[in-house]
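Working notes, beginning with the structure itself.
The values are calculated or read from the model by the stated rules, or taken from the named source; none is laboratory data. Only a predicted model underlies this, so the values are computations on that prediction, with no experimental measurement involved. Every residue, glycine as well, gets a Cβ built from its backbone with ideal geometry; the counts of neighbours run over all protein chains shown.
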Amino acid sequence: MSFTVAIVGRPNVGKSTLFNRLVGKKLALVDDTPGVTRDRRPGAAKLIDLRFTIIDTAGLEESSPETLQGRMWAQTRAAIDEADVTLFVVDAKAGLTPADQTLAEMLRKSGKPVVLVANKSEARGSDGGFYDAFTLGLGEPCPISAEHGQGMLDLRDAIVAAIGEERAFPEADEEAVTDVDVREPAGAAEDEEVEQEYDETKPLRIAVIGRPNAGKSTLINRFLGEDRLLTGPEAGITRDSISVEWQWRGRTIRMYDTAGMRKKARVQEKLEKLSVADSLRSIRFAELVIIVFDATIPFEKQDLHLVDLVAREGRAPVLAFNKWDLIEDPQAFLADLREKTERLLPQVRGIRAVPISGQTGYGLDRLMQSVVETDRVWNRRISTAKLNRWLESQQVQHPPPAVSGRRVKLKYMTQVKARPPAFMISCTRPEALPESYLRYLTNGLRNDFQMPGVPIRIHLRASENPFEGKKKKR
């Protein structure tokens, strides 16, 4: 992107609505409740012929630095320092407030270009608030409606005037395409018989999920080495799913911080429902998922539900037992955790679990190594010849049961896709094969082909009968 723009303003003036309008997607959560946005959220914006990076920020609420509002404001200040241009959004319908005056004074002192935006200008009675915006001393306000998309051409002209045409429209040879995902899509090259080598350099998309206050944001901040995400002792601070990018051993990692997910019965408020839905989208978009457990109270029912959710979505899960620095007898506690992991999570037998501390940084390198090893298994492909030899040996050791006096014959097996590994077995009477035998085959695949801790899919297909439908000749 050629330049960076930050959207600032007091709460509930329409910053996130404008952010969604510019990125062309409903990425940021939007609600009538003031103060929905807390972390700063970047996105790739498109405005007419402009391409730039946009940052959504929390609304200005003057408070002491120790409070949640104070930490939110620190995130907004970091976005202003990072940006080349600031969009100062005011509510033309409600008019100016002392918070607007305070923020305008701070933006003037920053010395960076500021575009004054009068949002909600389509409403009746907004003329008074629009003309009041001149008193802020930041030039002529740009009237827009972020909700309805009005005034976007005027906003484009104002941004170009603030940043300059040379910066707004770089030369064509400088516009390198960096956002194209060149990775092989899930399930690609399914017809190849050769077992492909694992690519150690391909970028990874990782979602970090868990119950509220499990330490997800603190963990990501420790990976980044900076206070990029808002943290604190309060439960449920994170609302939006924020993506950050960093390097681990020369490999690009895009990690998604998500809102804590409570039991479904306890999620009543609309805002929390939106946050959970955003977290679920992050899981579907990710390749691997780190489920953060609170080591002081591990294996709550909700923790098990989250692991099962990840397995059903087909993502590669890794467990992280956070707050390990609070455990008094680590060795005995670790042995107990291993026993419970094997007993309570049979659907992902062999799942990798790592004790960590996001506060001190303990175990983070081992966690990333486990993530890479799990991704290697998740991408594994097995040749058809090996699978059919294995299937024959499995039937010799444990033949399929006879149902209604007729035995089910397993004839042929092949891997139809990876990510997650999925296999197809051609057999007679697939509807009669019991689930217990499928679990037997799944466990055999895990043990014999070293595929622990990832979901495995086995699909059955009836073999074609060449004489079906033909009348018997007399």
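Quick notes
- Contacts under 7 angstrom Cβ, first residue in region 237-265 being surrounded by fewer than 16 Cβ atoms within 10 Å (Cβ to Cβ), partner hydroxyl-bearing (Ser, Thr, Tyr), 6 or more apart: Glu245/Thr252; Arg251/Thr201
- Only one of the numbered conditions (1) of a type outside the set (A, V, I, L, M); (2) without any contact (Cβ under 8 Å) to a residue 12 or more places away in the chain; (3) outside any loop (DSSP other than H, G, I, E, B) is violated by Pro65, and that is (3).
- Single residue of Gln394, Gln450, Gln415 found to be assigned to a loop (DSSP other than H, G, I, E, B) and outside the structural domain of Val348 (by TED's automatic domain parsing): Gln450
- Check on Ala161, surrounded by 13 or more Cβ atoms within 10 Å (Cβ to Cβ) and either without any contact (Cβ under 8 Å) to a residue 24 or more places away in the chain or outside the structural domain of Lys46 (by TED's automatic domain parsing) (or both): yes
- Screening Leu87, Leu96, Leu116 for residues that are in the same structural domain as Pro65 (by TED's automatic domain parsing), part of a loop (DSSP other than H, G, I, E, B) and in contact (Cβ under 8 Å) with a residue 24 or more places away in the chain leaves exactly one candidate, Leu96.
- Val377 satisfies every condition listed in (1) surrounded by fewer than 20 Cβ atoms within 10 Å (Cβ to Cβ); (2) part of a helix (DSSP H, G or I); (3) in contact (Cβ under 8 Å) with a residue 60 or more places away in the chain except (1).
- Gly125 farther than 19 Å from Thr76 by Cα and either charged (D, E, K, R) or modelled with pLDDT under 90 (or both): yes
- The number of residues in region 187-203 that are modelled with pLDDT of 80 or more and either closer than 18 Å to Ile297 by Cα or over 16 Å from the mean Cα position of the chain (by Cα) (or both) comes to 5.
- The residue that is surrounded by the fewest Cβ atoms within 10 Å (Cβ to Cβ), counting only those in region 300-337 that are assigned to a loop (DSSP other than H, G, I, E, B) and under 16 Å from the mean Cα position of the chain (by Cα), is Gly314.
- Failed item, numbered, when Lys273 is tested on (1) within 18 Å of the chain's Cα centre (by Cα); (2) under 30 Å from Thr252 (Cα atoms): (2)
- Here the condition is being β-branched (Val, Ile, Thr), modelled with pLDDT of 90 or more, surrounded by fewer than 20 Cβ atoms within 10 Å (Cβ to Cβ) and farther than 29 Å from Pro65 by Cα; of Ile206, Ile290, Ile297, it holds for Ile297 alone.
Residues are listed down the side, and each one gets a yes or a no for (1) free of Cβ contacts under 8 Å to residues at least 60 places away in the same chain; (2) within 24 Å of Val454 (Cα to Cα); (3) out of contact with any Ser or Thr (no Cβ under 7 Å at 6 or more places or on another chain); (4) surrounded by fewer than 16 Cβ atoms within 10 Å (Cβ to Cβ):
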| position | (1), (2), (3), (4) |
| --- | --- |
| Leu224 | yes, no, yes, yes |
| Ala235 | yes, no, yes, yes |
| Ser275 | no, no, yes, no |
| Ser279 | no, yes, no, no |
